[in-house]
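The values are calculated or read from the model by the stated rules, or taken from the named source; none is laboratory data. Quantities reported herein were computed from a predicted structural model and do not represent experimental measurements. Note that each Cβ is placed from the backbone with ideal geometry, even for glycine, and that neighbours are counted across all protein chains shown. With ligands, DNA and RNA removed, areas are computed over all heavy atoms of the protein, side chains included. Shrake-Rupley method; radii C 1.70, N 1.55, O 1.52, S 1.80 Å.
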Amino acid sequence: MAVSFDLGQTDHLLTTTRAVRKRLDLTRPVSRDLIVDCIRIATQAPAGGNVQMWRWLVVDDPDLKAGIADLYRRSYAPYMQAQRDAVAQSGRTDVQAIMQSSDHLASVLHDVPALVIPCQIGRPDPNMAQGNLAGLYGSILPAVWNFMLAARSRGLGTAWTTLHLGFEQEAAQLLGIPENVAQVALTPVAFYTGDDFKPGARLPAEKVTYFNRWKQH
Ligand SMILES: Cc1cc2nc3c(=O)[nH]c(=O)nc-3n(C[C@H](O)[C@H](O)[C@H](O)COP(=O)(O)O)c2cc1C
């Protein structure tokens, strides 16, 4: 008989794994063993041809974290200024919280216990066909999300980030990552403060789902 999951628990995990920025506990150490446990779960994710061309770089050395955080901030500053200009023009008021939370993460990134950089062995070719590109990223990004879910269920907060990739080569140099390896994200990892998280704001499923033909609800 098929195992029946506790949907209350699994749906709670899936709907409340948030981008944690302000609630990262910067004072509580995270053991390498715990991170490797999460990576063990992460690597059950699918990969095209089950090739598993992933490597997980866990950065917990203070000097290296500081170097990566500097690269992140170099990308963050112009990106955030562009965001602020766009928000000011549009008159939107619903994005202040996320901007403040993003500012906070950028300012404390070097103090987060660990920065995890999932890497794909094999870089995308600029002329790669869409199918191959989808195959390349699709062979690692599900594992990254698995990692974040496993972390969350162990009391760890994470946030998917990509801004340091604006200086990917500099990060590669700092961390000794070979030329044929693509960094695909960076997630801070820390225990989270407070008890729980709520589901985030999302478009209704009925609105974003079509049946059989485009725009057919
Ligand atoms: C591909 C991708 C790139 C992202 N890059 C960043 C980033 O560089 N910095 C950051 O603070 N958040 C980043 N985020 C996090 C998003 O801002 C976050 O997932 C979104 O606001 C939804 O937040 P929630 O999951 O807590 O509801 C990224 C998310 C994704 C999926």
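With the chain treated as a Gaussian network of Cα nodes joined by springs under 10 Å, which of D11, D195, D25 yields the largest mean-square fluctuation?
In the Gaussian network model the winner is D195.
Tell me the accessible surface of L203 in square angstrom (1.4 angstrom probe, heavy atoms of protein chains only), to the nearest ten.
Rounded to the nearest 10, that gives 130 Å².
If R0 is 35 Å, what FRET efficiency do you get for H104 and E179 from their C-beta distance, rounded to 0.05?
Working: r = 34 Å, r/R0 = 0.97.
Working from the Cβ atoms, E equals 0.55.
Between V3 and T209, what is 0.36 nm times their sequence separation minus the Cα-Cα distance? Round to one decimal in nm. Write out the running numbers ahead of the final one.
Details: separation 206, 0.36 × 206 = 74.16 nm, distance 2.85 nm.
Contour length minus the Cα-Cα distance gives 71.3 nm.
What residue among A82, A201, A42 has the largest mean-square fluctuation in a Gaussian network model of the chain, using Cα springs under 10 Å?
A201
Can you tell me which of M80, M128, M99 moves the most in a GNM of the chain? Springs connect C-alpha atoms under 10 Å apart.
Highest fluctuation among the options: M128.
Where does region 1-135 land on Rg(C-alpha)/(2.2 N^0.38 Å)?
Working: Rg = 18.9 Å, N = 135, 2.2 N^0.38 = 14.2 Å.
Normalised Cα radius of gyration, region 1-135: 1.33.
Using the crude model of +1 on Lys and Arg Cβ and -1 on Asp and Glu Cβ, and no other charge, please compute the dipole size for the chain relative to its Cα centre, in debye to 20. List each step's numbers first, then the result.
Working: 21 positive and 20 negative charges, 121 e Å.
The calculation lands at about 580 debye.
Quick one: if the Förster radius is 25 Å, what FRET efficiency do R40 and Y79 give, using the C-beta to C-beta distance and rounding to 0.05? Write down the numbers at each step before the final one.
Working: r = 33 Å, r/R0 = 1.34.
Computed FRET efficiency for R40 and Y79: 0.15.
In sequence order, what are the phi-derived ³J(HN,Hα) couplings for region 172-186 according to the Karplus relation 6.51 cos²θ - 1.76 cosθ + 1.60 with θ = phi - 60°, rounded to whole Hz, with x for glycine and proline?
After applying 6.51 cos²θ - 1.76 cosθ + 1.60, I find 4, 5, 4, 9, x, 7, x, 4, 8, 10, 9, 7, 10, 5, 8 Hz.
Among rounded, prolate and oblate, which fits region 1-53 when a ≥ b ≥ c are the square roots of the eigenvalues of its C-alpha gyration tensor, a/c under 1.5 means rounded, and a/b larger than b/c means prolate? Display every interim value, and only then the final one.
Working: a/c = 2.05, a/b = 1.22, b/c = 1.67.
Since a/c reaches 1.5 but b/c is at least a/b, the shape of region 1-53 is classed as oblate.
Is the shape of region 124-197 rounded, prolate or oblate, going by the alpha carbon gyration tensor and its root eigenvalues a ≥ b ≥ c, with a/c under 1.5 for rounded and a/b larger than b/c for prolate?
Values: a/c = 2.98, a/b = 1.63, b/c = 1.83.
Judged from the Cα gyration tensor, region 124-197 comes out oblate (a/c at least 1.5, b/c at or above a/b).
Can you list the HN-Hα couplings for region 6-22, worked out from phi with the Karplus curve (6.51, -1.76, 1.60; θ = phi - 60°), rounded to whole Hz and with x for Gly and Pro?
These are the phi-based 3J(HN,Hα) values: 7, 5, x, 6, 5, 5, 5, 4, 6, 9, 10, 7, 9, 6, 9, 10, 6 Hz.
Among P142, Q81, Q120, which residue has its Cα positioned farthest towards the positive end of the charge dipole of region 7-195, with +1 placed on the Cβ of Lys and Arg, -1 on the Cβ of Asp and Glu, and the dipole taken about the Cα centre?
Of the listed residues, the answer is P142.
What is the extension gain from A66 to D195, computed as 0.36 nm multiplied by their sequence separation minus the C-alpha to C-alpha distance, in nm to one decimal? Walk me through the numbers on the way to the answer.
Working: separation 129, 0.36 × 129 = 46.44 nm, distance 2.88 nm.
Taking A66 through D195 to full extension adds about 43.6 nm, to one decimal.
Given a 1.4 angstrom probe, I'd like the percentage of the accessible area of region 7-195 that is carbon and sulfur, rounded to a whole number. Display every interim value, and only then the final one.
On the way: 5160 of 9730 Å².
C and S atoms contribute 53 percent here.
Relative contact order, percent, of the chain when contacts are C-alpha pairs under 8 Å separated by at least 6 residues? Present the calculation step by step, with values, prior to reporting the outcome.
Details: 287 pairs, mean separation 79.1, N = 217.
Relative contact order of the chain: 36 percent.
Report, ordered by chain and residue number, the lysines lying within cross-link reach of K207, taken as a straight Cα distance under 27 Å and ignoring same-chain residues fewer than 8 apart.
K198, K215
Please list K22, K215 in order of solvent-accessible area, largest first, computed with a 1.4 Å probe with all protein chains present.
Working: K22 110, K215 140 Å².
Largest accessible area first, the residues go K215, K22.
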